[in-house]
1. Which residues, taken from the stretch 90-137, are of a type in the set (Phe, Trp, Tyr) and either farther than 25 Å from Leu249 by Cβ or not in a strand (DSSP E or B) (or both)?
2. Does Asp208 fit the bill of being of a type in the set (D, E, K, R) and over 24 Å from Leu59 (Cβ atoms)?
3. Report, by residue number, each residue of the stretch 194-204 that is surrounded by fewer than 19 Cβ atoms within 10 Å (Cβ to Cβ) and under 16 Å from Gly331 (Cα atoms).
4. Give just the number: which of (1) buried (at least 20 other Cβ atoms within 10 Å of the Cβ); (2) more than 24 Å from the chain's Cα centre (by Cα); (3) of a type outside the set (Gly, Ala, Ser) does Gln65 not satisfy?
5. Tally the residues that are surrounded by 15 or more Cβ atoms within 10 Å (Cβ to Cβ) and outside any helix (DSSP H, G or I), restricting the search to the stretch 317-341.
6. So, in the stretch 99-119, of the ones that are β-branched (Val, Ile, Thr) and within 20 Å of the chain's Cα centre (by Cα), which residue ends up surrounded by the most Cβ atoms within 10 Å (Cβ to Cβ)?
7. Glu149 is checked against (1) within 16 Å of the chain's Cα centre (by Cα); (2) closer than 30 Å to Asp20 by Cα and fails just one. What number does that condition carry?
8. Scan the stretch 148-157 and tell me whether some residue there is touching a Phe, Trp or Tyr at 6+ places or on another chain (Cβ under 9 Å), among the β-branched types (Val, Ile, Thr) and not in a strand (DSSP E or B).
Amino acid sequence: MDKIDKKILNILSQNCRIPDNDIAKSLNLSKDTIKYRINNLKNQNIYTQALLFFDTRVLGYINYQILIQLKSNITNKEEIIEKIKKHDKILWANTFIGKYELQLIVQIKSPHELNKIKDELFELCNHEVQSYSTLTRIYELEFNSINPEIDIDTKIEKKSNYSFSKELTNKSYPNLEEYKEYKISKTEIEILNILSDNPQESLITIADKLNIDRRTVKDKILNLIENKVITHFGINIDTTKFDYITYTLMIKLKTQSPHNALQKPFQELNNIFYAAVFEGEYNLLIYLNAKSPKELNDTINHIKKEIGEYIISTELSIMGEVLSWKQFTRGIYKELLESVK
């Protein structure tokens, strides 16, 4: 992988809808060269998938993380994981090495429904759960996919076209504390569903699938962006190909820790790609990449230097395999359609 590949990943991380010919123009290369390089990055499983990001709070949903430790004598773990992955409310699932073994993220409308979902998940685990913890996400402090290896200054020409690059090209796209709920239409739900399956789908194809005109599709997507339903068109990059190990630092904070102070670690560190404030056993989760024990130690020491006075305790886990990742789940899709009947 050379500097050109890294610049391509940088551009697609900021907006995966930017077409090959625009990337080619930015990098002074031919469209065919860009297409070849992108295919090569996919074949090497460096660029693993295009992703749609959106803020489900705007649609009335609450984000919960369920951390699970299975019993140590369990013999059918792989079977359990396959069952969990198929649950229609799971938007993210991954394995952990640490205090907990599985991290599951669900988006639902009420704490009452959370109990129902937990019962269903524990049933799928054959009730082989040793311990668990439930965290309620309040808001995000950071969310990006620009790891230090591809954080290269790259010129991007932003356009008001089918790429929506003028409206939605950014390195960082957290769902911040302030938000406003939005009443979504049936057509917009269908557009979200299509874009969730393929964030790079053309406006013409979406229009054909929904039997509407291309201009309507574009206007609807612009409306979803303006109302902060859609927050980003990005890609997932396998950071292990850059020799990174991903860690999750779970922090218990003192009550009323100031928001401004919690943002300090991200102002100097570029290896933190996600951080969010939660209610529950832990109040702050930080996801970071490190290539060596020294880099990990330096990062944690910097975090403690900046916000140590607010920290009660910490728990470090190594993130294992990402089992499932789809923000617009089948469960949300079905519920939203039901709500607009």
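The values are calculated or read from the model by the stated rules, or taken from the named source; none is laboratory data. Because the structure is a prediction, the values reported are computed rather than measured. Cβ atoms come from the backbone with ideal geometry, glycine included; neighbour counts cover every protein chain shown.
1. Matches in the stretch 90-137: Tyr100, Phe122.
2. Criteria met by Asp208.
3. Correct list: Ile194, Asp197.
4. (2)
5. 11
6. Val106
7. (1)
8. yes
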